[in-house]
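J.: This is the structure, below, for whatever I ask next.
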Amino acid sequence: MSQILIIYTGGTIGMMSDPITKVLKPINFEQIMDNVPELEKLNCKIKVHSFEEIIDSSNMNPAIWSELAGLIEANYHENDGFVILHGSDTMAYTASALSFMLENLGKPIIFTGSQLPISAIRTDAKENLMTAIEIAKAKKNDRARVPEVCIYFDYKLFRGNRAFKYNSSKFEAFRSPNYPILAESGVHLRFSANDIRHPQDGEELIIHNNLISDVAVLKLYPGIGQKVVEAILNSDVRGVVMETFGAGNTTTDDWFLNLLEKAIKDGKVIVDISQCKVGTVELGRYETSKQLKDMGIASGYDMTFESAVTKMMYLLGEFDDPALVKQYMEQDLRGEITVS
Ligand code: ASN
């Protein structure tokens with residue numbers, strides 16, 4: 001019989017409305033289990049690890065990502081898969097971070113949560129939880145069907161580092177426009193086998209636990225001032241995620257390009273991702289991105305913002321040399337990027 005470890009970190013799935021203030025607050029896992037007697041009927045053994053401090057995912061941070069990676073490592077061999085209950089607000093960041101932290105992953109890590117608490121009559125939590133467990137234990141020819149870090153939400157399974165939260169009020173909270181969904185649940189659970197990654201045979205899980213969160217974000221808008229750009233680029237960080245226009249374009253004002261060039265000379269790594277949610281960065285396609293390419297800005301291609309930030313944290317922890325950080329930033333490490 002398969003064994004699945006459920007790790008409970010918090011989020012709306014396990015919240016209850018305070019009778020006096022009406023504010024939603026996390027509750028403990030036993031109360032959650034009481035709301036899903038169906039769990040007993042699943043044909044698998046379920047173990048539960050509840051974090052001591054149950055959080056709204058807005059309080060998520062890299063220290064907790066390390067704790068999660070450590071838990072997975074410690075329980076890896078005795079479990080067939082993992083389901084992580086997590087708030088939806090920052091779920092895509094945690095899923096992206098873990099995808100980089102867990103190299104050669106051979107077992108499913110399925111993140112899920114819900115938009116309504118599990119105790120609410122119209123809750124989306126039960127379907128999300130039950131199917132996440134089904135996916136975590138799904139095997140074919142004795143191999144996990146989806147040995148990836150994923151997000152399961154509203155009948156769809158997404159690659160974690162390709163998804164982002166795009167809707168705060170619909171049950172359909174996530175999207176992944178630059179990569180196909182990995183499975184869809186309806187009358188049948190249908191996997192898209194050709195889109196799912198598997199580790200090389202014989203490769204062992206490697207945990208990378210040294211994330212460095214020295215990352216700044218430079219989001220461009222017409223009229224952005226020199227002082228603002230200076231403050232960001234001169235700040236004491238090693239990596240900058242620059243959110244640009246269209247296919248990776250920026251203003252060509254001299255002061256702006258000079259500041260970028262100086263930051264790179266100072267040893268910062270700057271990655272260019274687009275404010276568009278669909279499509280890819282193509283450095284050099286337009287005059288407004290040619291100089292970016294020439295001065296050594298990394299192309300983030302079609303990476304999500306969540307992936308770019310967490311990949312930068314991961315690479316800064318792995319390499320001191322900015323040239324290596326830039327080189328790996330532009331490579332596909334965990335299926336997070338389509339290099340064109
Ligand atoms: N604020 C909640 C959280 O991210 C939102 C949710 O889970 N739907 O923890």
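Quick note: the coordinates plus some simple rules give every number you see, no bench work behind them. Predicted, not measured: the structure shown is a model, and the values here were computed from it. Glycine gets a Cβ as well: all are built from the backbone with ideal geometry, and neighbour counts include every protein chain shown.
J.: Please label the shape of the stretch 45-198 as rounded, prolate or oblate, based on the square roots a ≥ b ≥ c of the eigenvalues of the alpha-carbon gyration tensor (a/c under 1.5 means rounded; beyond that, a/b larger than b/c means prolate, else oblate).
T.: Judged from the Cα gyration tensor, the stretch 45-198 comes out rounded (a/c under 1.5).
J.: Determine the shape class of the stretch 207-296: with a ≥ b ≥ c the square roots of the Cα gyration tensor eigenvalues, call it rounded for a/c under 1.5, and otherwise prolate if a/b is greater than b/c, oblate otherwise. Write down the numbers at each step before the final one.
T.: Working: a/c = 1.64, a/b = 1.21, b/c = 1.35.
Oblate shape, in that a/c is at least 1.5 and b/c is the bigger or equal ratio.
J.: Which of Ala120, Ala163, Ala136 ends up with the largest GNM mean-square fluctuation for the chain, with Cα atoms connected below 10 Å?
T.: Maximum fluctuation in the GNM of the chain, among the listed residues, is at Ala120.
J.: Could you give the distance between the Cα centres of the stretch 40-110 and the stretch 116-173, to the whole Å?
T.: 13 Å
J.: So if we plug the beta-carbon distance of His77 and Ser168 into 1/(1 + (r/R0)^6) with R0 = 45 Å, what FRET efficiency do we get, rounded to 0.05?
T.: It comes out at approximately 0.75.
J.: What are the principal axis extents of the Cα atoms in the stretch 94-146, in Å, biggest first?
T.: The Cα atoms of the stretch 94-146 stretch 39, 28, 9 Å along the principal axes, largest first.
J.: Sticking with this one: If you stretched the chain out fully between Arg285 and Ala231, how much longer would it get, using 0.36 nm times the residue separation minus the C-alpha to C-alpha distance? Mind dumping the intermediate values first?
T.: Values: separation 54, 0.36 × 54 = 19.44 nm, distance 2.88 nm.
So the chain would gain 16.6 nm between Arg285 and Ala231.
J.: Fewest first, what order do Phe100, Phe305 take by the number of other Cβ atoms within 10 Å? Before the final figure, lay out each step's value.
T.: Values: Phe100 25, Phe305 20.
Lowest to highest Cβ neighbour count: Phe305, Phe100.
J.: Return the FRET efficiency for the residue pair Gln275, Lys47: r is the Cβ-Cβ distance, R0 is 51 Å, and the value is rounded to the nearest 0.05.
T.: On the way: r = 42 Å, r/R0 = 0.83.
Rounded to the nearest 0.05, the efficiency is 0.75.
J.: Could you estimate the translational diffusion coefficient of the chain from the Stokes-Einstein equation, with Rh from the Kirkwood formula over C-alpha pairs, at 10 °C and 1.306 mPa s, in whole µm²/s? Write out the running numbers ahead of the final one.
T.: On the way: Rh = 20.9 Å.
Roughly 76 µm²/s, to the nearest whole number.
J.: Kindly identify the stretch 2-107 as rounded, prolate or oblate by the Cα gyration tensor criterion: order the square roots of the eigenvalues as a ≥ b ≥ c, call it rounded if a/c is under 1.5, otherwise compare a/b with b/c, prolate if a/b is larger, else oblate.
T.: In terms of gyration-tensor shape, oblate.
J.: Applying 1/(1 + (r/R0)^6) with R0 = 45 Å to the Cβ-Cβ distance of Lys22 and Asn104, what FRET efficiency is obtained, to the nearest 0.05? Walk me through the numbers before you get to the answer.
T.: On the way: r = 46 Å, r/R0 = 1.03.
The value I calculate is 0.45.
J.: Please compare each pair in Lys277/Lys326; Lys25/Lys277; Lys25/Lys107; Lys41/Lys170; Lys262/Lys290 to a cut-off of 27 Å on the Cα-Cα distance and tell me which ones are over it.
T.: Values: Lys277/Lys326 22 Å; Lys25/Lys277 32 Å; Lys25/Lys107 32 Å; Lys41/Lys170 29 Å; Lys262/Lys290 17 Å.
In this structure, Lys25/Lys277; Lys25/Lys107; Lys41/Lys170 exceed 27 Å between Cα atoms.
J.: Now for a different question. Going 7 Å from the Cα of Glu67 along its beta-carbon direction, which residues of the stretch 168-212 have the amide nitrogen within less than 19 Å of the resulting point?
T.: 208-212
J.: Only loop residues by DSSP count here, and only those with at most 14 other Cβ atoms within 10 Å; note down the chymotrypsin sites (Phe, Trp or Tyr not before Pro) in the stretch 135-195 that meet that. Intermediate results must be reported in sequence, preceding the final value.
T.: Numbers: sites: Tyr152, Phe153, Tyr155, Phe158, Phe164, Tyr166, Phe171, Phe174, Phe191; in loops: Tyr155, Tyr166, Phe171.
Listed in order of number, the matching sites are Tyr166.
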